[in-house]
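Participant: This is the structure, below, for whatever I ask next.
Only the coordinates and a few stated rules stand behind these numbers; no lab work does. It should be emphasised that the depicted structure is a prediction, and the values quoted were computed from it without experimental measurement. So basically every Cβ, Gly included, is an ideal-geometry build from the backbone, and we count neighbours across all protein chains shown.
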Amino acid sequence: MENMLYVPLDERPCNYRYPQQLAQLTDVNLRVPPDTMLGRKKSPADTKQLQQWLTAECGRSSHLILSIDMLVYGGILPSRLHQLSREQCAERLETLREVKRINPAIRIFAFNLIMRTPAYNSSEEEPDFYAQYGERIFQYGWLTDKRESSGLTEEEVDELAEIKTVIPPQILNAFLERRQVNAFVNRTSLELVEAGIIECMVFPQDDNAKYGFTSMEQKALFLKVDEKQLFHKVFIYPGADEVGCTLFARAFCELKQYRPEAWVQYSSTLGPTVIPKYEDRSLHESVKSQLLIAGANLGDDAVHSDFVLMIHSPAVGEKQMAETSDDLADRHKSYFSEINFKALASAIEKYVSKGMTVSLADVAVCNGGDHVLMKLLSANGLLPALSAYAGWNTSGNTLGTVIAHSVIVAYYKQQNKKVDHHFLLYRFIEDWGYQTIVREEICAHHLEALGGSYFELEAVKEPVLQLIRQQLQAFVRQYLPEYDQVEISNLDLPWNRMFELSFDLKRRNSS
């Protein structure tokens with residue numbers, strides 16, 4: 001059995017558990033640091049302990065999949081809050097040279113985010129000043145980038161001047177200095193690629209848009225990659241919390257010398273061209289990037305491809321794209337005319353009947369599966385026929401997760417081995433059952449009465465978890481009757497908010 005090491009972006013299930021769950025479907029032993037070493041939310045991990053863990057464990061591993069945000073800053077949120085100097089960051093990155101010295105054969109697949117700039121006022125995941133100035137800071141970046149890219153209207157020139165008078169200089173300078181340090185870490189990571197320390201480097205763009213700080217930094221990185229002639233080793237595309245899964249799939253493919261192909265089909269003719277909310281490019285461009293980083297390619301036809309990737313896509317993007325929290329009647333009119341649910345379901349049935357590996361990326365709405373489509377597939381008995389499914393958070397998060405899972409299933413099918421449905425069922429329950437149905441129901445009808453709020457659950461966590469468990473079990477009975485013997489246990493809301501859920505699954509009749 002091959003050994004790999006994995007250092008996640010943070011301790012949440014999407015980063016810590018999902019790659020481990022995928023690895024459990026394979027014959028690869030994925031070793032991770034204990035979760036107690038990883039910090040919690042805004043509290044950074046003990047980076048010194050992580051360095052020691054890496055150097056102690058790396059000697060008998062074929063690959064290291066590494067979040068540089070975790071190694072340098074102590075996690076994703078600490079990367080937005082830190083006070084580190086360039087020298088401190090560079091010193092922590094030197095750990096990778098030591099890992100390579102100890103084990104020259106280890107293949108290091110690393111990723112480091114281009115720091116996001118949310119378009120709203122909230123300090124939930126940002127510095128305290130973002131609660132008051134977040135929207136203005138986003139708009140400052142948007143207009144600054146647009147001015148350089150395509151020019152500003154007179155109104156936009158006035159707006160930029162007004163924003164500069166509103167944001168206190170010390171706050172804007174603190175924000176910009178932190179971004180400059182993070183950009184330095186990205187450039188230093190490129191130097192490690194150039195030196196042969198890092199074999200594959202991903203710069204995911206977290207919650208980005210057409211213009212803004214992320215866009216400017218992406219362009220600068222692109223030019224630096226071109227200057228250093230490193231395009232064969234460096235990837236830049238929208239994503240974040242799914243990268244651990246995609247890099248595991250890439251390492252898995254490398255170990256197995258496997259290069260799968262995927263045939264892609266959309267539920268909307270306009271889908272491939274839509275720019276999803278929280279992203280900066282057309283959906284199909286992201287699909288191509290996510291396939292490549294996971295070790296796969298686009299296939300020329302369905303028959304000769306290793307798996308079929310069905311994409312339930314929106315027909316309109318950016319701010320017009322729906323969230324799961326939006327009432328069905330309030331969605332953009334294209335949702336009712338430019339998305340063909342029945343044709344997608346029929347295509348799934350056709351490909352499954354031909355014995356093909358069929359996966360579903362559910363990205364028509366943000367932050368959960370599309371209840372309309374999933375009810376249709378459930379009624380037609382098609383859900384257990386799927387090999388992989390995801391529908392959580394952003395399009396990039398969903399695509400990376402479902403593609404990584406698909407690659408693994410397709411490989412073992414080629415070996416005439418079946419892969420356990422555990423991760424597939426987990427995705428149905430979390431992405432559709434929890435994010436789309438149960439979370440919305442509890443927030444709308446129970447949370448306030450219990451004395452809690454979306455981001456403040458500590459005092460009411462136990463009754464909320466009880467409700468979630470009851471409603472998820474009811475969801476399984478109603479929509480997933482093939483799995484009605486599954487028990488949902490060990491539930492947790494790891495950041496004491498309604499967004500992320502952790503749980504375990506087991507059969508009721510198991511010991």
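Participant: Could you sort 285-295, 140-150, 456-466 so that the peptide with the highest average Cβ count within 10 Å comes first and the rest follow in order?
Facilitator: By packing density, highest mean first, the sequence is 285-295, 140-150, 456-466.
Participant: Additional query: Once amide H atoms are placed 1.01 Å from N in the peptide plane, what residues at a sequence separation of 5 or more from Val264, or on another chain, have their amide H within under 5 Å of its amide H?
Facilitator: Amide H neighbours of Val264: Gly299, Leu309.
Participant: When N is the residue count of segment 440-511, what does its C-alpha Rg come to as a fraction of 2.2 N^0.38 Å?
Facilitator: So segment 440-511 has a normalised radius of gyration of 1.17.
Participant: Using alpha-carbon pairs under 8 Å, 6+ residues apart, how would you state the relative contact order of the chain in percent?
Facilitator: 11
Participant: Using a basic spin-label model with each label point 7 Å from the Cα along Cα→Cβ, how many nm lie between Leu505 and Gln170?
Facilitator: My value for the distance between the label points is 5.2 nm.
Participant: So, one more: So what are the three principal axis dimensions of segment 73-202 from its Cα atoms, in whole Å, longest to shortest?
Facilitator: For segment 73-202, the Cα spread along each principal axis is 57, 32, 22 Å.
Participant: Turning to a different aspect of this structure: Mind checking which of Gly59, Asn3, Ala45 is farthest towards the positive end of segment 1-71's charge dipole, using Cβ charges of +1 (Lys, Arg) and -1 (Asp, Glu) about the Cα centre?
Facilitator: Farthest along the dipole direction, towards plus: Ala45.
Participant: To continue, here is another question. Which translational diffusion coefficient, to the nearest whole µm²/s, is obtained for the chain from the Stokes-Einstein equation, given a Kirkwood hydrodynamic radius over C-alpha pairs, 4 °C and 1.567 mPa s?
Facilitator: The diffusion coefficient I find is 55 µm²/s.
Participant: Once phi is turned into θ = phi - 60°, what whole-Hz ³J(HN,Hα) does the Karplus curve with 6.51, -1.76 and 1.60 give for every residue of segment 325-336, x standing for Gly and Pro?
Facilitator: Once rounded to whole Hz, the list reads 6, 6, 4, 3, 5, 8, 6, 3, 4, 5, 4, 9.
Participant: Let me ask something else about it. Order of 316-325, 360-369 by packing, highest average Cβ count within 10 Å first?
Facilitator: The densest-packed peptide leads the list: 360-369, 316-325.
Participant: Just tell me which lysines come within less than 16 Å, Cα to Cα, of Lys333; anything on the same chain fewer than 8 places away is out.
Facilitator: Answer for Lys333, where 16 Å is the Cα cut-off: Lys319, listed by chain and number.
Participant: Based on the Cβ-Cβ distance of Leu223 and Thr153, what FRET efficiency does E = 1/(1 + (r/R0)^6) give at R0 = 25 Å, to the nearest 0.05?
Facilitator: Efficiency at R0 = 25 Å is approximately 0.35.
Participant: Kindly provide the pair-distance distribution of segment 261-414 built from C-alpha pairs, with 10 Å bins from 0 and whole-percent values in order of increasing distance.
Facilitator: Once binned at 10 Å, the Cα pair distances of segment 261-414 give 12, 46, 35, 8, 0.
Participant: I would also like to ask the following. Any idea what the relative contact order of segment 135-222 is, in percent, if you count C-alpha pairs under 8 Å spaced at least 6 apart?
Facilitator: 44
Participant: Among 421-434, 51-64, how do they line up by average Cβ neighbours within 10 Å per residue, starting with the highest?
Facilitator: Averaged packing, sorted descending, gives the order 421-434, 51-64.
Participant: Say the cut-off is 27 Å between C-alpha atoms; which of Lys100/Lys233; Lys277/Lys417; Lys342/Lys417; Lys210/Lys233; Lys100/Lys219 go over it?
Facilitator: Lys277/Lys417; Lys342/Lys417; Lys100/Lys219
Participant: Any idea what the relative contact order of segment 104-173 is, in percent, if you count C-alpha pairs under 8 Å spaced at least 6 apart?
Facilitator: Result for segment 104-173 is 25 percent.
Participant: So if each residue of separation counts as 0.36 nm, and I subtract the Cα-Cα distance between Ser337 and Glu94, what length gain in nm does that give?
Facilitator: In short, 82.0 nm is gained.
Participant: Under 26 Å Cα-Cα from Lys413, which lysines qualify once same-chain neighbours fewer than 8 residues away are excluded?
Facilitator: Candidates past the 8-residue exclusion: Lys256, Lys288, Lys350, Lys354, Lys506.
Participant: Quick one: which residues, 5 or more positions from Tyr237 or on another chain, have an amide H under 5 Å from its amide H? H modelled 1.01 Å from N in the peptide plane, none for Pro or chain starts.
Facilitator: Answer set, sorted by chain and number: Phe203, Gln205.
Participant: What ³J(HN,Hα) values, in whole Hz, does the Karplus curve 6.51 cos²θ - 1.76 cosθ + 1.60 give for segment 97-113 when θ = phi - 60°, with x put for Gly and Pro?
Facilitator: Values, residue by residue: 5, 5, 4, 5, 5, 5, 9, x, 7, 5, 9, 9, 10, 10, 9, 8, 6 Hz.
Participant: How far apart, in nm, are two points set 7 Å out from the Cα along the Cα-to-Cβ line at Asn416 and at Ala161?
Facilitator: Between Asn416 and Ala161, the label points sit 7.7 nm apart.
Participant: Go ahead and collect, in residue order, the members of segment 156-194 whose backbone nitrogen is under 17 Å from a label point 7 Å along the Cα-Cβ direction of Glu87.
Facilitator: 181, 185
Participant: For Leu30, which sequence-distant residues (separation of 5 or more, or a different chain) have an amide H within less than 5 Å of its own amide H, given hydrogens modelled in the peptide plane?
Facilitator: Met4
Participant: Moving on. What ³J(HN,Hα) values, in whole Hz, does the Karplus curve 6.51 cos²θ - 1.76 cosθ + 1.60 give for segment 214-220 when θ = phi - 60°, with x put for Gly and Pro?
Facilitator: 4, 4, 5, 6, 4, 5, 4
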